[in-house]
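Asks: Take a look at this one; I'll ask things after.
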Amino acid sequence: MRQLFIFIVSLFPLSIYAETIFILKETQNVSIEEMSSQANKTLFRFTVDYINDNNTSGSLRSSCWGSFDDMKNASNDGIYTAEITFNDGKLGVYASYTPMTFYSGNNTVNTYTNFRSLTGFNSDKWTLYCTAVSNKTTEIKFRPREVSYTIVNLMASSEAYPYITAPPMVDLNKCLPNNSVEAIIPLTVGFEGYLGQGKQMDLTVKSIDLPESFEIIVDGKNILNTSSHTVNIPSGQNNIQIESYLKGICPSTSGEYLWSAEYTYTIQ
């Protein structure tokens, strides 16, 4: 007795891509004196060479990454418009906003990325790896046989970010009811980043619980819940020391008191 075996094989289209070869095009030493925190203000432009044997054409995005492996992984997955491809809390690297087009054959594409300062820093350094990859939202992917990348040795300072430092607690010790009390509140105000020709900030102090008799004096003027005090930071100097002091009349009722004051600034 014969037995008949029937095998059914389903065939599906299979796309196989050879692994892309990354070729170092150049190493650039880039210095940025004042990196903006705003989009599209600090652009880095570079070119990417590629060989595309797949007879395809489509959309590209470009950016820089903090390591070769991160760059290579992004080439497999693609990236979105303005996607953050590097962020260490200081420097943010954003992919290109404007899409570029790749073609079949041996070509070169002009690309860019956007650097943004996320906080203040002075003459910090990074090594970045820059290339072009697929646009993640498009169906046709960029799978070149060879693609170039650029190493960027970046040294930069941010735009000026203001700061204030003050003691978290000022101990007024003891005083008799209705007696006067004074205490020094040392302040440091300044900017982190590129200062340029100098900066100004308006310093204000507000409190919702200090007694009405209390004042906070800066340069002979009370600025507690009143007017602001203008602080000038000259070029070449990142900060200055300000001696403010608190004075007032102790409450008529004995007890232990805890008051708060908030120092704020506005950049001019």
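Asks: Among the residues of the stretch 209-217, is there at least one that is closer than 28 Å to THR119 by Cα and among the aromatic types (Phe, Trp, Tyr)?
Replies: No, there is no match, as no residue in the stretch 209-217 is closer than 28 Å to THR119 by Cα and among the aromatic types (Phe, Trp, Tyr).
Asks: Go through the stretch 148-174 and count every residue that is within 23 Å of ASP70 (Cβ to Cβ) and open to solvent by 50 Å² or more (accessible area, probe 1.4 Å).
Replies: Of the residues in the stretch 148-174, 2 are within 23 Å of ASP70 (Cβ to Cβ) and open to solvent by 50 Å² or more (accessible area, probe 1.4 Å).
Asks: If you scan the stretch 184-199, which residues turn out to be loosely packed, with under 14 Cβ neighbours inside 10 Å and modelled with pLDDT of 85 or more?
Replies: In the first step, residues of the stretch 184-199 are kept if they are loosely packed, with under 14 Cβ neighbours inside 10 Å; the result is 184, 186, 188, 196-198.
Within the stretch 184-199, ILE184, PRO186, THR188 qualify.
Asks: Could I ask something else about it? All but one of (1) open to solvent by 60 Å² or more (accessible area, probe 1.4 Å); (2) over 30 Å from TYR161 (Cα atoms); (3) not hydrophobic (A, V, I, L, M, F, W, C) hold for ARG45, so report the exception by its number.
Replies: (2)
Asks: While we're on this one: Here is a check on your reading of the model: is ILE16 modelled with pLDDT under 95 and either open to solvent by 40 Å² or more (accessible area, probe 1.4 Å) or among the small types (Gly, Ala, Ser) (or both)?
Replies: yes
Asks: Return a yes/no flag: does the stretch 51-68 have any residue that is part of a helix (DSSP H, G or I), at pLDDT 95 or above and either under 25 Å from the mean Cα position of the chain (by Cα) or of a type in the set (Asp, Glu) (or both). Write out each step before concluding.
Replies: Here is the first cut: in the stretch 51-68, the residues part of a helix (DSSP H, G or I) are 68.
Cutting the leftovers down to at pLDDT 95 or above gives us 68.
Now drop any that are not either under 25 Å from the mean Cα position of the chain (by Cα) or of a type in the set (Asp, Glu) (or both), which leaves 68.
Within the stretch 51-68, one or more residues are part of a helix (DSSP H, G or I), at pLDDT 95 or above and either under 25 Å from the mean Cα position of the chain (by Cα) or of a type in the set (Asp, Glu) (or both).
Asks: Grab the strands (runs of 3 or more DSSP E) fully contained in the stretch 94-154, keeping just those with 3 or more residues being in contact (Cβ under 8 Å) with a residue 12 or more places away in the chain, over 27 Å from the mean Cα position of the chain (by Cα) and closer than 17 Å to PHE46 by Cα. Steps first, answer last, please.
Replies: Values: elements: 100-102, 105-117, 124-134.
Hits in the stretch 94-154: 105-117.
Asks: Can you pull out the residues in the stretch 19-40 that are under 32 Å from the mean Cα position of the chain (by Cα) and either small (Gly, Ala, Ser) or at pLDDT below 90 (or both)?
Replies: Residues satisfying the conditions are SER31, SER36, SER37, ALA39, ASN40.
Asks: Take ASN40 and decide whether it is part of a loop (DSSP other than H, G, I, E, B), within 22 Å of TYR194 (Cα to Cα), open to solvent by 50 Å² or more (accessible area, probe 1.4 Å) and polar (S, T, N, Q).
Replies: Numbers: part of a loop (DSSP other than H, G, I, E, B): yes; within 22 Å of TYR194 (Cα to Cα): yes; open to solvent by 50 Å² or more (accessible area, probe 1.4 Å): yes; polar (S, T, N, Q): yes.
The answer is yes for ASN40.
The values are calculated or read from the model by the stated rules, or taken from the named source; none is laboratory data. Quick caveat, the model's predicted, so the values are computed rather than measured. Neighbour counts run over all protein chains shown; Cβ positions are idealised from the backbone, glycine included. Note: areas computed on protein heavy atoms with side chains; ligands, DNA, RNA excluded. Shrake-Rupley method; radii C 1.70, N 1.55, O 1.52, S 1.80 Å.
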